[in-house]
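A short write-up of the structure that comes next.
The values are calculated or read from the model by the stated rules, or taken from the named source; none is laboratory data. Note that the structure is predicted; figures quoted are calculated from it, not measured. Here the Cβ is made from the backbone with ideal geometry for all residues, glycine too, and neighbour counts use every protein chain on show. In case anyone asks, the SASA skips ligands and DNA or RNA and just uses the protein heavy atoms, side chains included. Shrake-Rupley method; radii C 1.70, N 1.55, O 1.52, S 1.80 Å.
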Amino acid sequence: MSTEKKRLPPYISYRTFKAFVGRLQQQMPARIDRSYWSETLSGSNGIQMMAAMRFLGLVDELGKPTFYLKQLTGAKSDQQATVMADIARNSYGFVFKLPSYNKDATYDQLVECFEGSFQLKADVLRKCIKFFVSMTTDAGIALSPFMVKKFRNANAETKVPEQKSSSKKAGQKIKQNPEVPESLKVPELENSSWHSKLLMKFPEFDPAWSEDLKNQWFAAFDKLLNRGPWTVPRE
(Lines give C-alpha, C1' and ligand atoms only; values in the text may rest on other atoms or scores of the structure.)
Protein backbone atom coordinates (compact mmCIF):
# COMPACT_ATOMS: atom_id res chain seq x y z
CA MET A 1 0.00 0.00 0.00
CA SER A 2 1.35 3.44 -0.93
CA THR A 3 2.33 5.72 1.92
CA GLU A 4 2.50 8.83 -0.26
CA LYS A 5 0.50 11.67 1.25
CA LYS A 6 -2.34 12.91 -0.90
CA ARG A 7 -2.17 16.53 -2.01
CA LEU A 8 -4.97 18.70 -0.72
CA PRO A 9 -6.95 21.03 -2.99
CA PRO A 10 -6.03 24.73 -2.79
CA TYR A 11 -7.38 26.50 0.28
CA ILE A 12 -5.55 29.81 -0.08
CA SER A 13 -7.47 32.96 -1.05
CA TYR A 14 -8.24 32.90 -4.79
CA ARG A 15 -7.56 36.63 -4.93
CA THR A 16 -4.06 36.03 -3.56
CA PHE A 17 -3.56 33.25 -6.09
CA LYS A 18 -4.57 35.49 -9.00
CA ALA A 19 -2.26 38.26 -7.81
CA PHE A 20 0.61 35.77 -7.66
CA VAL A 21 -0.09 34.57 -11.20
CA GLY A 22 -0.22 38.20 -12.32
CA ARG A 23 3.27 38.75 -10.93
CA LEU A 24 4.51 35.68 -12.82
CA GLN A 25 3.09 37.15 -16.03
CA GLN A 26 5.55 40.01 -15.73
CA GLN A 27 8.58 37.74 -15.49
CA MET A 28 8.85 34.00 -14.92
CA PRO A 29 11.67 32.69 -12.70
CA ALA A 30 13.45 29.43 -13.51
CA ARG A 31 12.12 28.01 -10.23
CA ILE A 32 9.44 29.22 -7.84
CA ASP A 33 10.98 28.75 -4.41
CA ARG A 34 11.03 30.51 -1.04
CA SER A 35 13.54 33.12 -2.20
CA TYR A 36 11.00 34.17 -4.85
CA TRP A 37 7.64 33.98 -3.10
CA SER A 38 8.86 35.37 0.25
CA GLU A 39 9.13 38.81 -1.37
CA THR A 40 5.34 39.09 -1.48
CA LEU A 41 3.93 36.30 0.72
CA SER A 42 4.18 35.42 4.40
CA GLY A 43 5.44 32.02 5.48
CA SER A 44 1.97 30.49 5.85
CA ASN A 45 0.60 31.97 2.61
CA GLY A 46 3.74 30.96 0.75
CA ILE A 47 3.41 27.33 1.84
CA GLN A 48 -0.28 27.31 0.92
CA MET A 49 0.50 28.93 -2.43
CA MET A 50 3.07 26.32 -3.37
CA ALA A 51 0.69 23.54 -2.33
CA ALA A 52 -1.98 25.09 -4.57
CA MET A 53 0.42 25.44 -7.50
CA ARG A 54 1.42 21.78 -7.23
CA PHE A 55 -2.16 20.55 -6.96
CA LEU A 56 -3.13 22.53 -10.06
CA GLY A 57 -0.14 21.18 -11.96
CA LEU A 58 1.44 24.62 -12.40
CA VAL A 59 4.82 23.64 -10.90
CA ASP A 60 6.59 20.32 -10.41
CA GLU A 61 7.98 18.92 -7.16
CA LEU A 62 11.04 21.18 -7.40
CA GLY A 63 8.97 24.30 -8.06
CA LYS A 64 9.82 24.52 -11.75
CA PRO A 65 7.06 26.02 -13.94
CA THR A 66 5.12 23.52 -16.02
CA PHE A 67 3.56 23.86 -19.45
CA TYR A 68 0.23 24.76 -17.84
CA LEU A 69 1.71 27.71 -15.95
CA LYS A 70 3.60 28.99 -18.99
CA GLN A 71 0.44 28.67 -21.03
CA LEU A 72 -1.61 30.52 -18.41
CA THR A 73 0.83 33.39 -17.95
CA GLY A 74 1.41 33.70 -21.69
CA ALA A 75 -2.25 33.74 -22.66
CA LYS A 76 -3.94 36.93 -23.78
CA SER A 77 -6.70 38.33 -21.58
CA ASP A 78 -9.45 36.85 -23.76
CA GLN A 79 -7.79 33.41 -23.69
CA GLN A 80 -7.01 33.13 -19.97
CA ALA A 81 -10.46 31.84 -19.04
CA THR A 82 -10.10 28.97 -21.51
CA VAL A 83 -6.69 28.00 -20.12
CA MET A 84 -7.97 28.32 -16.55
CA ALA A 85 -10.90 26.05 -17.41
CA ASP A 86 -8.52 23.39 -18.74
CA ILE A 87 -6.47 23.58 -15.53
CA ALA A 88 -9.59 23.34 -13.36
CA ARG A 89 -11.00 20.35 -15.23
CA ASN A 90 -7.65 18.57 -15.12
CA SER A 91 -7.23 19.17 -11.36
CA TYR A 92 -10.79 18.78 -10.09
CA GLY A 93 -11.80 15.71 -12.05
CA PHE A 94 -13.37 14.21 -8.92
CA VAL A 95 -15.99 17.00 -9.02
CA PHE A 96 -16.59 17.06 -12.76
CA LYS A 97 -17.33 13.33 -12.73
CA LEU A 98 -20.58 14.26 -11.01
CA PRO A 99 -23.08 13.94 -13.92
CA SER A 100 -25.19 16.94 -12.96
CA TYR A 101 -22.50 19.30 -11.57
CA ASN A 102 -23.63 22.02 -14.01
CA LYS A 103 -27.37 21.35 -13.88
CA ASP A 104 -29.09 20.36 -10.66
CA ALA A 105 -26.44 18.93 -8.31
CA THR A 106 -26.75 20.26 -4.76
CA TYR A 107 -24.20 21.90 -2.50
CA ASP A 108 -24.15 18.83 -0.26
CA GLN A 109 -23.17 16.73 -3.28
CA LEU A 110 -20.27 19.09 -3.90
CA VAL A 111 -19.22 18.72 -0.27
CA GLU A 112 -19.44 14.94 -0.57
CA CYS A 113 -17.15 15.03 -3.61
CA PHE A 114 -14.45 16.75 -1.56
CA GLU A 115 -15.03 14.64 1.55
CA GLY A 116 -14.96 11.44 -0.49
CA SER A 117 -11.56 12.31 -1.94
CA PHE A 118 -9.82 14.05 0.97
CA GLN A 119 -9.84 14.08 4.74
CA LEU A 120 -10.59 17.71 5.55
CA LYS A 121 -11.64 19.56 8.67
CA ALA A 122 -14.68 21.80 8.35
CA ASP A 123 -12.75 25.10 8.12
CA VAL A 124 -10.29 23.75 5.53
CA LEU A 125 -13.11 22.12 3.55
CA ARG A 126 -14.95 25.44 3.36
CA LYS A 127 -11.82 27.21 2.06
CA CYS A 128 -11.18 24.46 -0.51
CA ILE A 129 -14.72 24.77 -1.86
CA LYS A 130 -14.49 28.56 -1.87
CA PHE A 131 -11.33 28.41 -4.01
CA PHE A 132 -12.95 25.87 -6.36
CA VAL A 133 -16.10 27.94 -6.88
CA SER A 134 -14.05 31.13 -7.38
CA MET A 135 -11.77 29.43 -9.89
CA THR A 136 -14.57 27.84 -11.91
CA THR A 137 -16.47 31.14 -11.96
CA ASP A 138 -13.34 32.93 -13.18
CA ALA A 139 -12.86 30.23 -15.82
CA GLY A 140 -16.43 30.52 -17.05
CA ILE A 141 -17.38 26.98 -15.99
CA ALA A 142 -21.07 26.77 -15.15
CA LEU A 143 -22.00 25.13 -11.86
CA SER A 144 -25.42 24.06 -10.67
CA PRO A 145 -27.39 27.03 -9.28
CA PHE A 146 -28.12 24.90 -6.20
CA MET A 147 -24.38 24.61 -5.56
CA VAL A 148 -23.62 28.28 -6.03
CA LYS A 149 -26.57 29.65 -4.06
CA LYS A 150 -25.95 27.42 -1.05
CA PHE A 151 -22.21 28.13 -1.22
CA ARG A 152 -22.81 31.87 -1.02
CA ASN A 153 -25.17 31.46 1.92
CA ALA A 154 -22.83 29.08 3.74
CA ASN A 155 -19.87 31.36 3.14
CA ALA A 156 -21.76 34.38 4.48
CA GLU A 157 -22.72 32.50 7.65
CA THR A 158 -19.07 31.80 8.49
CA LYS A 159 -18.12 35.45 8.77
CA VAL A 160 -17.50 36.43 12.39
CA PRO A 161 -17.53 40.11 13.46
CA GLU A 162 -14.21 41.43 14.75
CA GLN A 163 -13.88 41.99 18.46
CA LYS A 164 -12.14 45.05 19.82
CA SER A 165 -9.02 44.44 21.84
CA SER A 166 -10.35 46.79 24.54
CA SER A 167 -12.75 44.05 25.61
CA LYS A 168 -9.88 42.16 27.25
CA LYS A 169 -9.81 42.26 31.01
CA ALA A 170 -7.36 44.66 32.61
CA GLY A 171 -4.13 43.01 33.61
CA GLN A 172 -4.78 39.93 31.50
CA LYS A 173 -1.56 38.78 29.88
CA ILE A 174 -1.47 37.48 26.34
CA LYS A 175 0.77 34.50 25.76
CA GLN A 176 2.92 35.64 22.84
CA ASN A 177 5.02 32.51 22.41
CA PRO A 178 2.99 29.34 22.99
CA GLU A 179 5.02 26.32 23.96
CA VAL A 180 6.01 24.23 20.94
CA PRO A 181 5.37 20.48 21.28
CA GLU A 182 8.48 18.34 21.66
CA SER A 183 7.96 16.86 18.18
CA LEU A 184 8.20 20.35 16.64
CA LYS A 185 11.03 21.86 18.67
CA VAL A 186 14.24 22.76 16.87
CA PRO A 187 17.32 21.61 18.82
CA GLU A 188 20.32 23.85 19.35
CA LEU A 189 23.00 23.04 16.79
CA GLU A 190 26.55 24.29 16.61
CA ASN A 191 27.52 22.81 13.26
CA SER A 192 25.69 24.70 10.50
CA SER A 193 26.19 21.80 8.07
CA TRP A 194 23.44 19.95 9.92
CA HIS A 195 20.79 22.58 9.15
CA SER A 196 19.82 21.22 5.75
CA LYS A 197 19.50 17.69 7.14
CA LEU A 198 17.35 19.01 9.96
CA LEU A 199 15.08 20.83 7.50
CA MET A 200 14.58 17.58 5.60
CA LYS A 201 13.37 15.93 8.82
CA PHE A 202 11.12 18.83 9.88
CA PRO A 203 7.46 17.71 10.30
CA GLU A 204 5.39 18.30 7.17
CA PHE A 205 2.74 20.98 7.55
CA ASP A 206 -0.77 19.56 7.91
CA PRO A 207 -3.68 21.97 7.20
CA ALA A 208 -5.92 19.73 9.29
CA TRP A 209 -4.13 20.86 12.46
CA SER A 210 -5.79 23.29 14.85
CA GLU A 211 -5.00 26.99 14.41
CA ASP A 212 -2.88 26.94 17.59
CA LEU A 213 -0.76 24.04 16.36
CA LYS A 214 -0.36 25.69 12.96
CA ASN A 215 0.97 28.86 14.65
CA GLN A 216 3.38 26.76 16.68
CA TRP A 217 4.61 25.02 13.51
CA PHE A 218 5.25 28.33 11.71
CA ALA A 219 7.10 29.73 14.74
CA ALA A 220 9.34 26.67 14.90
CA PHE A 221 9.87 26.70 11.12
CA ASP A 222 10.88 30.37 11.08
CA LYS A 223 13.22 29.75 14.00
CA LEU A 224 14.87 26.98 12.02
CA LEU A 225 15.26 29.12 8.89
CA ASN A 226 16.82 31.96 10.88
CA ARG A 227 19.64 29.72 12.04
CA GLY A 228 21.47 29.78 8.64
CA PRO A 229 23.69 29.66 6.74
CA TRP A 230 22.00 26.97 4.70
CA THR A 231 23.35 24.39 2.35
CA VAL A 232 20.75 23.49 -0.25
CA PRO A 233 20.54 19.68 -0.51
CA ARG A 234 20.92 18.23 -3.98
CA GLU A 235 18.70 15.50 -5.39
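Table for the structure above
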item	result
Tally, over region 17-34, of residues that are touching a Pro at 6+ places or on another chain (Cβ under 9 Å), open to solvent by less than 70 Å² (accessible area, probe 1.4 Å) and among the aliphatic types (A, V, I, L, M)	3
Selected residue (criterion: nearest to Tyr11 (Cα to Cα)) from residues of region 35-47 that are open to solvent by 20 Å² or more (accessible area, probe 1.4 Å) and without any contact (Cβ under 8 Å) to a residue 40 or more places away in the chain	Asn45
Those residues of region 57-113 which are among the basic types (Lys, Arg) and either within 13 Å of Val21 (Cβ to Cβ) or modelled with pLDDT under 95 (or both), in sequence order	Lys70, Lys76, Lys97, Lys103
Qualifying residue in region 4-16 (condition: modelled with pLDDT of 95 or more, surrounded by 12 or more Cβ atoms within 10 Å (Cβ to Cβ) and farther than 19 Å from Phe114 by Cα)	yes
In region 68-86, the residues that are open to solvent by 90 Å² or more (accessible area, probe 1.4 Å) and within 22 Å of Ser35 (Cα to Cα)	Lys70
Single condition Ala51 does not satisfy, out of (1) assigned to a helix (DSSP H, G or I); (2) in contact with a helix residue (DSSP H, G or I) (Cβ under 7 Å, 6 or more places away or on another chain); (3) of a type in the set (A, V, I, L, M)	(2)
Residue that is nearest to Lys150 (Cα to Cα) [pool: residues in region 88-129 that are touching a residue at least 60 places away in the same chain (Cβ under 8 Å) and open to solvent by 90 Å² or more (accessible area, probe 1.4 Å)]	Lys121
